[in-house]
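Working notes for the structure below.
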Amino acid sequence: MHPHIKALYNSAQKPSRLIIGLMSGTSLDGLDVALCKVTGAGLNTHIEVLNFTTVDYNDDYKTKIKQVFAKRECDLELVTLLHPWVGKLHGNMVNQCLAKWNINPASIDVIASHGQTIYHCPQSQHNHKSFTNGTLQIGDSDQIAVTTGITTIGDFRQKHIAAGGEGAPLAVYGDYLYFSSAVESRVLLNMGGIANLTFLPKNGDANGVFSSDIGPGNTIMDAYVQQHFIGQHYDDGAKIAKAGKVNTPLLNALCNNAFFNLPMPKTTGPEVFNLAYLNAAQQLTNTQRLSHEDVMATLNTFTATVIANALNECAERAQNCVVYASGGGIHNPLLMAQLTALCPRIKAFKNTDDLGINPDAKEAVLFAILANECLAGEQQHLSNTAQGIAGVTMGKVSFAD
Ligand SMILES: Nc1ncnc2c1ncn2[C@@H]1O[C@H](COP(=O)(O)OP(=O)(O)OP(=O)(O)O)[C@@H](O)[C@H]1O
Ligand SMILES: CC(=O)N[C@H]1[C@@H]2OC[C@@H](O2)[C@@H](O)[C@@H]1O[C@H](C)C(=O)O
């Protein structure tokens with residue numbers, strides 16, 4: 001047997017494994033690195049996050065990625081070069097974290113890497129009749145494995161697509177295994193660049209579970225701030241939005257998009273919800289001269305409105321739903337206050353800290369869970385393809401040499 005296969009075989013049989021989950025999201029703020037001790041598998045999974053950090057990206061990374069990110073047309077040579085470059089960078093960032101945490105790389109069973117999404121196009125978004133769904137993540141796992149010396153499992157989304165899904169949200173797999181409750185109906189709400197949710201009815205019945213993207217989280221707000229407030233990446237504490245007034249015609253135009261009328265589950269990305277989307281709505285409503293503060297106030301309410309609509313749909317399916325939020329949006333006080341006001345039927349808004357998982361780390365932990373399932377999962381608990389949840393094992397294995 002090849003020594004790498006033997007090592008994986010041994011890892012799979014251990015009662016618990018050390019897995020590093022890596023997530024680089026649509027906000028391009030940094031690489032989330034979660035060192036997890038994962039015990040068991042399937043519904044008996046237990047996670048302890050031993051260390052978590054976000055390694056910030058420098059301007060060079062952001063500039064390079066933005067040349068291809070969510071762009072229908074871009075330099076194919078650059079995409080080709082970025083694939084190994086991002087992988088090596090992520091590998092170096094892991095090495096840096098392990099050194100800082102004083103952890104021996106040899107003690108890590110596997111790295112679970114999401115990579116960097118550069119384009120996402122479900123069928124509902126593109127007009128090519130002969131194609132189904134597509135999504136593309138760069139940051140080659142072979143580079144990570146070679147750079148760190150640690151076996152790396154990556155490229156999780158392609159199997160979901162191969163099984164008929166849209167390649168996202170994958171959160172449901174971790175959410176179901178880890179956050180289901182017998183006594184409480186839960187909505188796990190993540191507000192990153194794009195907002196998504198997982199609905200977990202309290203009986204734990206996999207047939208009632210669903211997961212879907214909702215629409216923009218922070219993505220348009222971030223893009224607007226970056227364009228007009230040089231040096232700022234986002235509206236810290238919603239200071240800009242709080243200083244403005246919501247413009248109702250612009251809000252209505254922003255909310256008027258076919259995506260919002262599609263039934264869940266569905267997925268989207270910054271390919272749709274971007275500055276061009278805002279500009280088109282401003283032109284339509286003749287609101288190009290609004291102050292930046294008013295635009296930000298309107299964008300904040302737009303995000304809150306679309307998220308609230310989806311949460312209210314969940315509240316119709318189960319009484320006394322509790323929302324557990326995660327992602328950078330939880331740090332936006334205006335957004336959180338608006339959500340609470342717009343969702344009177346949601347019993348309580350909490351965050352995933354209340355369930356033992358740091359809300360900023362949640363997506364990186366998800367990929368550690370998916371890698372653990374790839375290694376040690378014995379059966380698929382979710383095979384409800386009607387809800388867009390394929391019962392498949394995800395991830396591709398890269399060895400260090
Ligand atoms: N203090 C804060 N005030 C306001 N907004 C904040 C604050 N901190 C973070 N955010 C928002 O959260 C964003 C980062 O969120 P997160 O890291 O969850 O996104 P992501 O993982 O890249 O996105 P996705 O889940 O869509 O891939 C920031 O770009 C910003 O918009
Ligand atoms: C294609 C892609 O990268 N999608 C991300 C993005 O960020 C949030 C939302 O859009 C979600 O669908 C997904 O990430 C999370 C981790 C998921 O798959 O659950």
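The values are calculated or read from the model by the stated rules, or taken from the named source; none is laboratory data. The shown structure was predicted, so the numbers you read here are calculated from the model rather than taken from an experiment. With ideal geometry, Cβ positions are generated from the backbone for all residues, glycine too; neighbour counts draw on all protein chains shown.
Within the stretch 366-395, residues that are of a type in the set (A, V, I, L, M) sit with their Cβ atoms under 9 Å from residues that are modelled with pLDDT under 65 and in a loop (DSSP other than H, G, I, E, B), at 6+ positions apart or across chains, in these pairs: Ile389/Leu382; Ile389/Ser383; Ala390/Gln380; Ala390/Leu382; Ala390/Ser383; Ala390/Asn384; Val392/Gln380; Val392/Ser383. Filtering the stretch 147-178 to residues that are among the hydrophobic types (A, V, I, L, M, F, W, C) and closer than 13 Å to Ser211 by Cα leaves Ala168, Leu170, Ala171, Val172. Asp29 is checked against (1) modelled with pLDDT of 95 or more; (2) buried (at least 17 other Cβ atoms within 10 Å of the Cβ); (3) within 12 Å of ligand 1 (Cβ to nearest atom); (4) of a type in the set (D, E, K, R) and fails just one. What number does that condition carry? Exception for Asp29: condition (1).
Counting only residues that are touching a Pro at 6+ places or on another chain (Cβ under 8 Å) and of a type in the set (Val, Ile, Thr), which one in the stretch 136-156 is farthest from Asn372 (Cα to Cα)? The residue in question is Thr148.
Pairs meeting the criteria (first residue in the stretch 240-251 and part of a loop (DSSP other than H, G, I, E, B), second residue of a type in the set (Asp, Glu), beta carbons under 8 Å, at least 6 apart or on different chains) are Ala243/Glu293; Gly244/Glu293; Gly244/Asp294; Lys245/Glu293; Lys245/Asp294; Val246/Asp294; Asn247/Asp294. Restricting attention to the stretch 277-293 and to residues that are closer than 30 Å to Phe210 by Cβ and out of contact with any strand residue (DSSP E or B) (no Cβ under 9 Å at 6 or more places or on another chain), the residue that is nearest to ligand 2 (Cβ to nearest atom) turns out to be Leu278. Among the residues in the stretch 125-148, are any outside any helix (DSSP H, G or I), more than 15 Å from ligand 1 (Cβ to nearest atom), in contact with a Cys (Cβ under 6 Å, 6 or more places away or on another chain) and more than 20 Å from Ile20 (Cβ to Cβ)? Yes. Can you confirm whether Ser11 is touching a helix residue (DSSP H, G or I) at 6+ places or on another chain (Cβ under 7 Å), surrounded by 18 or more Cβ atoms within 10 Å (Cβ to Cβ) and part of a loop (DSSP other than H, G, I, E, B)? Considered against the rule, which asks whether it is touching a helix residue (DSSP H, G or I) at 6+ places or on another chain (Cβ under 7 Å), surrounded by 18 or more Cβ atoms within 10 Å (Cβ to Cβ) and part of a loop (DSSP other than H, G, I, E, B), Ser11 comes out as no.
Specify which of the listed residues (Glu363, Glu373) is under 18 Å from Val94 (Cβ atoms) and in contact with a Ser or Thr (Cβ under 8 Å, 6 or more places away or on another chain).
Going through Glu363, Glu373 in turn, just one is under 18 Å from Val94 (Cβ atoms) and in contact with a Ser or Thr (Cβ under 8 Å, 6 or more places away or on another chain): Glu363.
Taking the options Ala206, Ala168, name whichever one is under 22 Å from the mean Cα position of the chain (by Cα), of a type in the set (A, V, I, L, M, F, W, C) and either within 19 Å of Thr287 (Cα to Cα) or more than 16 Å from ligand 2 (Cβ to nearest atom) (or both). One residue alone meets the criteria, Ala206. When Lys37, Lys6 are checked against the criterion of being assigned to a strand (DSSP E or B) and over 18 Å from the mean Cα position of the chain (by Cα), a single residue qualifies: Lys37.
I'd like to know if the stretch 180-188 contains one or more residues that are within 14 Å of the chain's Cα centre (by Cα), near ligand 2 (Cβ under 10 Å from one of its atoms) and closer than 28 Å to Gly87 by Cβ. Scanning the stretch 180-188 turns up no residue that is within 14 Å of the chain's Cα centre (by Cα), near ligand 2 (Cβ under 10 Å from one of its atoms) and closer than 28 Å to Gly87 by Cβ.
Could you please find all residues in the stretch 119-137 being hydrophobic (A, V, I, L, M, F, W, C) and surrounded by fewer than 22 Cβ atoms within 10 Å (Cβ to Cβ)? So that I can check it myself, show each step before the final result.
Kept after step one, since they are hydrophobic (A, V, I, L, M, F, W, C), are these residues of the stretch 119-137: 121, 131, 136.
Once the filter is applied, which keeps residues that are hydrophobic (A, V, I, L, M, F, W, C) and surrounded by fewer than 22 Cβ atoms within 10 Å (Cβ to Cβ), the stretch 119-137 yields Phe131, Leu136.
Residues that are crowded, with 18+ Cβ neighbours inside 10 Å and more than 15 Å from the chain's Cα centre (by Cα) number at least 3 in the following helices (runs of 4 or more DSSP H) confined to the stretch 256-371: 275-284, 292-317, 333-342.
When Ala315, Ala308 are screened for being closer than 30 Å to Gln227 by Cα, modelled with pLDDT of 95 or more and more than 16 Å from ligand 1 (Cβ to nearest atom), only Ala308 passes.
The criterion of being within 16 Å of ligand 1 (Cβ to nearest atom), part of a strand (DSSP E or B), buried (at least 17 other Cβ atoms within 10 Å of the Cβ) and within 18 Å of the chain's Cα centre (by Cα) holds for Thr54. Any residue at all in the stretch 67-82 that is among the aliphatic types (A, V, I, L, M), crowded, with 17+ Cβ neighbours inside 10 Å, touching a residue at least 40 places away in the same chain (Cβ under 8 Å) and more than 16 Å from ligand 2 (Cβ to nearest atom)? No, every residue in the stretch 67-82 fails to be among the aliphatic types (A, V, I, L, M), crowded, with 17+ Cβ neighbours inside 10 Å, touching a residue at least 40 places away in the same chain (Cβ under 8 Å) and more than 16 Å from ligand 2 (Cβ to nearest atom).
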